[in-house]
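Peer 1: Following this message is one structure expressed as structure tokens.
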Amino acid sequence: MADNSFGTLFNVTSFGESHGPGIGCIVDGVPPNLPLSEALIQPYLDRRRPGTSKFVTQRQEDDQVEILSGIFDGKTTGTPIALLIRNKDQRSKDYGEIANQFRPGHADYTYQMKYRNRDYRGGGRSSARETAVRVAAGAIADLFLKAVLGDAYQVRGMVTQIGPHAIDRSKIDWDERQNNPFFCADAATAKEWETYLDGVRKSGSSAGAILEIVADGVPVGLGQPIYGKLDGELAAAMMSINAAKGVEIGGGFALSAIDGSVASDEMRAGDNLETPRFLSNQAGGILGGISTSQQIVVRVAIKPTSSILTPRRSIDRDNQNVVVVTKGRHDPCVGIRGVPVAEAMMSLVLADLLMRHKAQCGFNL
């Protein structure tokens with residue numbers, strides 16, 4: 001299986017399956033002397049960890065990260081950093097019935113046809129379990145970016161919609177995300193989602209979501225003008241997340257319906273040439289594939305979880321019609337735990353493009 005690596009200079013290669021002994025990754029290209037420990041990475045993983053509420057999978061994994069290499073005296077050495085997260089709560093027997101069946105909405109059929117061999121236990125390599133190591137790698141990227149860019153830099157994510165129920169954007173309070181299990185920045189909507197998802201969960205079905213990830217304090221200049229566009233890299237990163245089916249940058253699809261005089265972000269003189277005053281941010285902080293120093297805004301559409309108890313029509317490996325019921329422990333809305341994953345992918349892209357920018361243009365940010 002090829003293409004298990006992400007990034008050019010700040011590079012991550014992941015490995016492992018949902019029901020194997022463990023999952024992990026190699027993070028290569030991290031500069032030396034960055035303070036790093038398991039204790040610094042673990043809080044990022046705890047935000048994604050399963051079993052934290054009735055609205056996520058009840059698989060009980062503590063997701064404790066182990067650093068196997070690349071650290072000495074509490075700092076990175078500039079050599080590859082190996083991270084391992086051991087699987088502890090696999091229930092492979094839940095998947096015995098679908099060994100020869102293809103679950104609708106899953107990668108079962110495509111993996112079988114491409115590789116002629118697949119690990120059906122929990123989806124194997126295609127499982128969202130793999131995203132835990134992205135969060136661990138993203139933690140290193142985030143710590144690196146904070147060390148280089150300072151206190152003004154931060155990446156934050158929230159869920160803005162579950163099913164048909166969207167937040168009231170006039171009531172966004174980023175601190176509110178810590179007070180509910182949905183990463184929701186609107187307290188009233190979080191209550192509405194609780195009732196809605198409880199009904200979805202009890203019915204044996206699932207719901208989709210929209211995530212919004214924003215980055216502040218990113219300097220002007222990150223990204224390449226043609227094939228390494230910042231928005232292109234972000235779109236590819238977000239679309240690599242399980243169940244992602246759409247990505248918007250800034251105004252996104254809504255820009256197609258407004259007048260050009262409104263769509264373009266007007267500018268006025270700021271304190272200096274590198275920090276002009278933009279009058280709007282329809283471009284989502286990116287022009288010509290390059291960061292503008294404005295807030296970078298990315299939205300990701302996550303489809304409803306495909307693993308549901310509702311009987312679904314499908315076929316088996318003998319091309320016979322079957323009815324599939326997916327057992328096991330699954331998220332009624334996989335988008336909820338997708339927030340720290342999308343934050344991690346944002347951090348990985350920004351870290352890689354910051355290093356690529358400095359390699360080409362120097363460190364005069």
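Peer 1: For a quick check: with amide H placed at 1.01 Å from N, whose amide H comes under 5 Å from ASP119's, ignoring anything fewer than 5 positions away on the same chain?
Peer 2: Residues meeting the amide H criterion: ARG125.
Peer 1: Follow-up question, since we're still on this one. Beyond 21 Å, what share of the Cα-Cα pairs of region 230-365 is found? Please give it as a whole percent. The partial results should precede the final answer.
Peer 2: Numbers: 5359 of 9180 pairs.
Every Cα pair in region 230-365 considered, those over 21 Å come to 58 percent.
Peer 1: Quick check on region 61-218: take the gyration tensor over C-alpha atoms, sort the square-rooted eigenvalues as a ≥ b ≥ c, and tell me if it's rounded (a/c under 1.5), prolate or oblate. It would help to have the intermediate numbers written out before the result.
Peer 2: Working: a/c = 2.26, a/b = 1.06, b/c = 2.13.
It is oblate, given that a/c is not under 1.5 and a/b is not larger than b/c.
Peer 1: Let me ask something additional. Mean residue ellipticity at 222 nm from the helices of the chain, using -39,500 (n - 2.57) per DSSP H segment of n ≥ 4 over the full residue count, to the nearest 500 deg cm²/dmol? Can you show the working numbers first?
Peer 2: Working: 7 runs with 95 residues, N = 365.
Theoretical 222 nm ellipticity from helices: -8500 deg cm²/dmol.
Peer 1: In addition: Around MET346, with a cut-off of 13 angstrom between Cβ atoms, what is the net charge of the other residues, counting Lys and Arg +1 and Asp and Glu -1? Let's see the in-between values first.
Peer 2: Numbers: positive: ARG134, ARG156, ARG299; negative: ASP142, GLU212, ASP216, ASP231, GLU233, GLU343, ASP352.
Net local charge, MET346 excluded: -4.
Peer 1: Semi-axes of the chain's equivalent ellipsoid from the Cα gyration tensor, sqrt of 5 times each eigenvalue, largest first, rounded to whole Å?
Peer 2: On the way: eigenvalues 237, 133, 75 Å².
Calculated on Cα positions only, the semi-axes equal 34, 26, 19 Å.
Peer 1: If a helix is a whole DSSP H run, which ones in the chain reach 30 Å or further along their own axis (Cα) and hold a mean Kyte-Doolittle hydropathy of at least -1.0? Present the calculation step by step, with values, prior to reporting the outcome.
Peer 2: Values: long enough: 335-361 (38 Å, 0.66).
Qualifying helices: 335-361.
Peer 1: Quick check on my link table: of LYS146/LYS191; LYS114/LYS327; LYS191/LYS327, which ones sit more than 31 Å apart, alpha carbon to alpha carbon?
Peer 2: From the list (LYS146/LYS191; LYS114/LYS327; LYS191/LYS327), the Cα-Cα distance tops 31 Å for LYS146/LYS191.
Peer 1: Simple spin-label model, 7 Å along Cα-to-Cβ: SER69 to ASN319 in nm?
Peer 2: With each label point 7 Å from Cα toward Cβ, the separation is 4.6 nm.
Peer 1: Right, another one. With the dipole of the chain worked out from charges on the C-beta (+1 for Lys and Arg, -1 for Asp and Glu) around the Cα centre, which of TRP193, ALA344, PHE10 lies farthest toward the positive end?
Peer 2: My answer, from the dipole projection, is TRP193.
Peer 1: Please compute the modelled spin-label separation between ASN4 and ALA166, points set 7 Å along Cα→Cβ, answer in nm with one decimal.
Peer 2: The two pseudo-label positions are separated by 4.0 nm.
Peer 1: Also: What ranking, highest mean first, results for peptides 255-267, 305-317, 215-227 when packing means the other Cβ atoms within 10 Å averaged over each residue?
Peer 2: Values: 255-267: 11.3, 305-317: 16.0, 215-227: 18.0.
Top of the packing list down: 215-227, 305-317, 255-267.
Peer 1: Taking the Cα centre of the chain as the origin, how large is its charge dipole in debye, to the nearest 20, when only Lys and Arg (+1) and Asp and Glu (-1) carry charge on their Cβ atoms? Mind showing how you got there, number by number?
Peer 2: Values: 40 positive and 41 negative charges, 258 e Å.
Rounded to the nearest 20 debye, it is 1240 debye.
Peer 1: Out of the total accessible area of region 248-326 (probe 1.4 Å, heavy atoms of protein only), what percent is carbon and sulfur?
Peer 2: Working: 2480 of 4740 Å².
C and S atoms contribute 52 percent here.
Peer 1: ASN272 to ASP259: extension gain in nm, 0.36 nm per residue of separation minus the Cα-Cα distance?
Peer 2: Values: separation 13, 0.36 × 13 = 4.68 nm, distance 2.96 nm.
Residue separation times 0.36 nm, minus the Cα-Cα distance, leaves 1.7 nm.
The values are calculated or read from the model by the stated rules, or taken from the named source; none is laboratory data. Nothing here was measured: the structure is a model prediction, and the numbers come from that model. Counting neighbours? That spans all protein chains shown, and the Cβs are built from the backbone with ideal geometry, glycine included. Surface accessibility is based on the protein's heavy atoms, side chains included, excluding ligands, DNA and RNA. Shrake-Rupley method; radii C 1.70, N 1.55, O 1.52, S 1.80 Å.
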